[in-house]
Amino acid sequence: MIEQWNELENACKNCHKCGLCETRHHVVFGVGNPQADIMFIGEGPGENEDLQGEPFVGRGGQLLDKMLAAVDLDRNRDIYITNIVKCRPPQNRDPRPEEQEACMNWLRSQVTLIRPKIIVCLGRIAAMKLIKPDMKITKEHGQFFKKGNLIMMATLHPAALLRNPSAKPGAFEDFLKLRKFLDENYLAGTPGNS
Ligand code: URA
């Protein structure tokens with residue numbers, strides 16, 4: 001797996017499949033444990049991520065790390081984090097449908113190699129692309145969706161929580177549901193089982 005993973009990462013880092021390659025500083029492939037049972041998927045790198053080459057490293061990322069820690073999850077040990085698009089959309093605009101589609105094969109290959117048991121979508125864009133196009137994130141976050149052997153769930157995007165702190169308790173409920181799901185299914189990320 002390691003060899004294939006390295007090949008995939010190198011190929012992705014040389015990608016020129018859409019116009020986002022022209023303005024990027026770094027391709028943000030992903031971070032964490034490629035053997036994890038849990039994947040978190042956001043929408044696309046922001047400014048800090050583009051400069052550092054790592055997903056969720058800004059204020060939103062710090063909030064995400066705190067919410068993870070509160071349910072005993074660590075980004076480097078228990079999960080793998082990536083995005084729908086691997087290059088920053090200028091001015092942090094939403095990634096366009098054709099940019100998302102151009103990038104999807106990288107994510108498909110990541111999911112194939114990691115074989116997660118559960119995918120958590122961070123925000124509306126990832127939830128609409130991966131769970132269902134008419135996903136209403138404000139109503140349907142925290143619900144589990146079964147797709148083949150995969151369980152999927154969406155939670156609110158950390159940047160949305162920074163803009164609207166009153167949504168934090170609702171989002172934290174999603175993390176508690178995730179914790180319960182991991183414990184009930186004896187998955188890695190379970191204390192004493194990693
Ligand atoms: N927002 C995202 O969706 N992904 C990142 O990596 C950073 C901010």
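The values are calculated or read from the model by the stated rules, or taken from the named source; none is laboratory data. In this text, all values refer to a predicted model and were calculated from it rather than measured experimentally. Glycine gets a Cβ as well: all are built from the backbone with ideal geometry, and neighbour counts include every protein chain shown. In case anyone asks, the SASA skips ligands and DNA or RNA and just uses the protein heavy atoms, side chains included. Shrake-Rupley method; radii C 1.70, N 1.55, O 1.52, S 1.80 Å.
Quick look at the values:
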read-out	value
Within segment 114-179, helices (runs of 4 or more DSSP H) holding 3 or more residues that are open to solvent by 10 Å² or more (accessible area, probe 1.4 Å) and touching a helix residue (DSSP H, G or I) at 6+ places or on another chain (Cβ under 7 Å)	158-163
Per-region count, segment 28-39, residues in contact with a Cys (Cβ under 8 Å, 6 or more places away or on another chain) and surrounded by 23 or more Cβ atoms within 10 Å (Cβ to Cβ)	1
Within segment 83-100, considering residues that are touching a residue at least 40 places away in the same chain (Cβ under 8 Å), outside any helix (DSSP H, G or I) and over 10 Å from Leu20 (Cα atoms), the one farthest from the ligand (Cβ to nearest atom)	Asp94
Filter result for Arg75 (within 16 Å of the ligand (Cβ to nearest atom) and touching a strand residue (DSSP E or B) at 6+ places or on another chain (Cβ under 8 Å))	yes
Single residue of Gly42, Gly58 found to be open to solvent by less than 40 Å² (accessible area, probe 1.4 Å), among the small types (Gly, Ala, Ser), in contact with a Phe, Trp or Tyr (Cβ under 7 Å, 6 or more places away or on another chain) and in contact (Cβ under 8 Å) with a residue 12 or more places away in the chain	Gly42
